[in-house]
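Read-outs throughout are calculated quantities, based only on the coordinates presented, and are distinct from any laboratory measurement. Keep in mind the model is a prediction, meaning the values are calculated, not measured. All Cβ positions, glycine included, derive from the backbone under ideal geometry; neighbour counts span all protein chains shown.
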């Protein structure tokens, strides 16, 4: 068979500091647990003052390499998927490469918000399948959104959390691995949600900070069915593209923002809940890191087996969506 890209290892890391719903009840002076718990939000991990995105990413990347049995010097490329980078410039990937000792690798970051991990996996797999110079590609999704939260805003500070997840994509001549992916976007939503200070449009200034523009902000409401209407279409399209049907899927992971939406989409697709997995009760919402963290969690619980047809579906602000389909070979 032709050269393919398999997931050879997974890894994850979350900060030690944990904030539970009781903490937010006291912080905000109201019973936020009453609406957080039905959404399956109970605990979340938050960076300490001295922790940053590169710290989380390097730890998750190291874990994935160890689980794959690959040395850092054998990595050909590191792709860091994040919208909470270590710096505006240089790339977070350069810090991670140095921390890991991956001296033979190239690196870069991508930012399409919470769709970035699936997008990076799609890119990494295509490097391996089209260029023999790439045999080991480390993809890391990392989120340190607590650094950008307004801790008086109950709609954001109670949901968003920090963490990193990683996969090691590896060339294979005998296993199918990556089957295909689809990327979509609608840039008309660019001014709905984001961190709007720090770039060239609104450079850092005392005035911008006074206006709270350095915080994550929801400026407009997304249509309530943005994910529930588009996720099923993406899943159907990627399975059809790869010569399968939805009923062939053995395991599927979605962006871990809303348990209700995940359940609705699984019902719409005709898939039982046992074919998915969620982690928001333990880790909150970790954005571009949530799918690889959930994947690592699921592998640790032995929810995937050799030969399973596995799908990831990510969505993020801007907005962007991405889905990839794999034959599991881990």
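The set of residues from region 220-269 being part of a loop (DSSP other than H, G, I, E, B), under 25 Å from residue 289 (Cβ atoms) and in contact (Cβ under 8 Å) with a residue 60 or more places away in the chain comprises 222, 249, 250, 255, 257, 258. Restricting attention to region 240-265 and to residues that are surrounded by 14 or more Cβ atoms within 10 Å (Cβ to Cβ) and more than 21 Å from the chain's Cα centre (by Cα), the residue that is farthest from residue 301 (Cα to Cα) turns out to be 241.
Scanning region 160-208 for residues that are in a loop (DSSP other than H, G, I, E, B), out of contact with any helix residue (DSSP H, G or I) (no Cβ under 8 Å at 6 or more places or on another chain) and within 30 Å of residue 35 (Cα to Cα) returns 190, 191, 192, 196.
Of the residues making up region 12-31, those that are farther than 20 Å from residue 155 by Cα and in a strand (DSSP E or B) number 2. Restricting 72, 85 to those that are touching a helix residue (DSSP H, G or I) at 6+ places or on another chain (Cβ under 6 Å), surrounded by fewer than 24 Cβ atoms within 10 Å (Cβ to Cβ), farther than 24 Å from residue 5 by Cβ and touching a residue at least 24 places away in the same chain (Cβ under 8 Å) reduces the list to 85. Which members of region 70-90 meet the condition of being in contact with a strand residue (DSSP E or B) (Cβ under 8 Å, 6 or more places away or on another chain) and not in a loop (DSSP other than H, G, I, E, B)? Answer for region 70-90, where residues must be in contact with a strand residue (DSSP E or B) (Cβ under 8 Å, 6 or more places away or on another chain) and not in a loop (DSSP other than H, G, I, E, B): 74, 77, 78, 79, 80, 81.
Taking residue 325 as the residue in question, decide whether it is in contact (Cβ under 8 Å) with a residue 12 or more places away in the chain and part of a helix (DSSP H, G or I). Spelling it out, it is not the case that residue 325 is in contact (Cβ under 8 Å) with a residue 12 or more places away in the chain and part of a helix (DSSP H, G or I).
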